[in-house]
Amino acid sequence: MNREKEHVLFLPEDRANEQLLNGFLRALPRSRPAKVLNTAGGWLEAARKVERLYSASMRRYPRGFLVLVIDFDGNADRREEVLQQLPGDLRDRVFVIGVLKEPEDLKRRLNTTKYEVIGKRLAEGCPETFPSLWNEALLVHNTTEIERMRASVLPILFGTE
């Protein structure tokens, strides 16, 4: 991946979120400049790693975006808690999405055994008309963040203008 060009890095909180992301990325229309980073080991650690490990690189490569995929653990305000931990100059290039509780809850609700299948379903369709899965009770809280991603991240992933 050429970091001089537009690209998206995904930082999953844990293994379950990493598997969701792997399914999502495999379902994209074609190879995209996107990469799943090593798991962070918790939502707070994900926020801390932005400063410790990724902020210098993001400043050096201003065409890159970072998407944190975390468990909200039932706390709808978790996104704001995470964003407050981030360097102010990077907040417009960092996004926070995830399951309202935990991915395990979503897997049970959807009656599937694989996170990758859920990730694939999340990527299906074009970004203008996300499938109904994004309207699922455990995911609908991401709507505002997805709208925020529409002008920057989604064109990179889905090839839209």
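In segment 58-78, which residues are under 26 Å from R3 (Cα atoms) and under 14 Å from the mean Cα position of the chain (by Cα)?
If the condition is that a residue be under 26 Å from R3 (Cα atoms) and under 14 Å from the mean Cα position of the chain (by Cα), then G64, F65, L66, V67, L68, V69, I70 are the ones that fit.
Which one of the conditions (1) more than 23 Å from F24 (Cα to Cα); (2) buried (at least 18 other Cβ atoms within 10 Å of the Cβ); (3) not charged (D, E, K, R) does P62 fail to meet, given that it meets all the rest?
Condition not satisfied by P62: (2).
Can you work out which of the residues in segment 1-29 that are closer than 21 Å to F72 by Cβ and of a type in the set (D, E, K, R) is surrounded by the most Cβ atoms within 10 Å (Cβ to Cβ)?
My answer is E13.
What are the residues in segment 123-145 that are part of a helix (DSSP H, G or I), at pLDDT 90 or above and surrounded by 13 or more Cβ atoms within 10 Å (Cβ to Cβ), if any?
H141, N142, E145 - these are the residues of segment 123-145 that are part of a helix (DSSP H, G or I), at pLDDT 90 or above and surrounded by 13 or more Cβ atoms within 10 Å (Cβ to Cβ).
So is Y54 farther than 20 Å from V153 by Cα and among the hydroxyl-bearing types (S, T, Y) or not?
So Y54 fails the test.
Do you know which residues across segment 94-105 are under 19 Å from L11 (Cα atoms) and not small (G, A, S)?
Listed by number, the residues that qualify are V94, F95, V96, I97, V99, L100, K101, E102, P103, E104.
Of N111, N38, which residue is surrounded by fewer than 19 Cβ atoms within 10 Å (Cβ to Cβ), more than 23 Å from T143 (Cβ to Cβ) and within 14 Å of the chain's Cα centre (by Cα)?
That would be N38, the only listed residue that is surrounded by fewer than 19 Cβ atoms within 10 Å (Cβ to Cβ), more than 23 Å from T143 (Cβ to Cβ) and within 14 Å of the chain's Cα centre (by Cα).
Could you check, for segment 114-131, whether at least one of its residues is in contact with a Phe, Trp or Tyr (Cβ under 6 Å, 6 or more places away or on another chain), of a type outside the set (K, R) and under 16 Å from E13 (Cα atoms)?
Taking every residue of segment 114-131 in turn, at least one turns out to be in contact with a Phe, Trp or Tyr (Cβ under 6 Å, 6 or more places away or on another chain), of a type outside the set (K, R) and under 16 Å from E13 (Cα atoms).
Got a number for residues in segment 41-53 being surrounded by fewer than 19 Cβ atoms within 10 Å (Cβ to Cβ) and in contact (Cβ under 8 Å) with a residue 40 or more places away in the chain?
1
State yes or no: is P12 without any contact (Cβ under 8 Å) to a residue 60 or more places away in the chain and at negative phi?
Taking the combined requirement at face value, the residue satisfies it.
Can you name the number of the only condition in (1) under 13 Å from V69 (Cα atoms); (2) in contact with a Leu (Cβ under 6 Å, 6 or more places away or on another chain); (3) surrounded by fewer than 21 Cβ atoms within 10 Å (Cβ to Cβ); (4) not hydroxyl-bearing (S, T, Y) that R32 fails?
(1)
The values are calculated or read from the model by the stated rules, or taken from the named source; none is laboratory data. The structure presented is a predicted model; accordingly, all values stated were derived computationally and were not measured. Cβ atoms come from the backbone with ideal geometry, glycine included; neighbour counts cover every protein chain shown.
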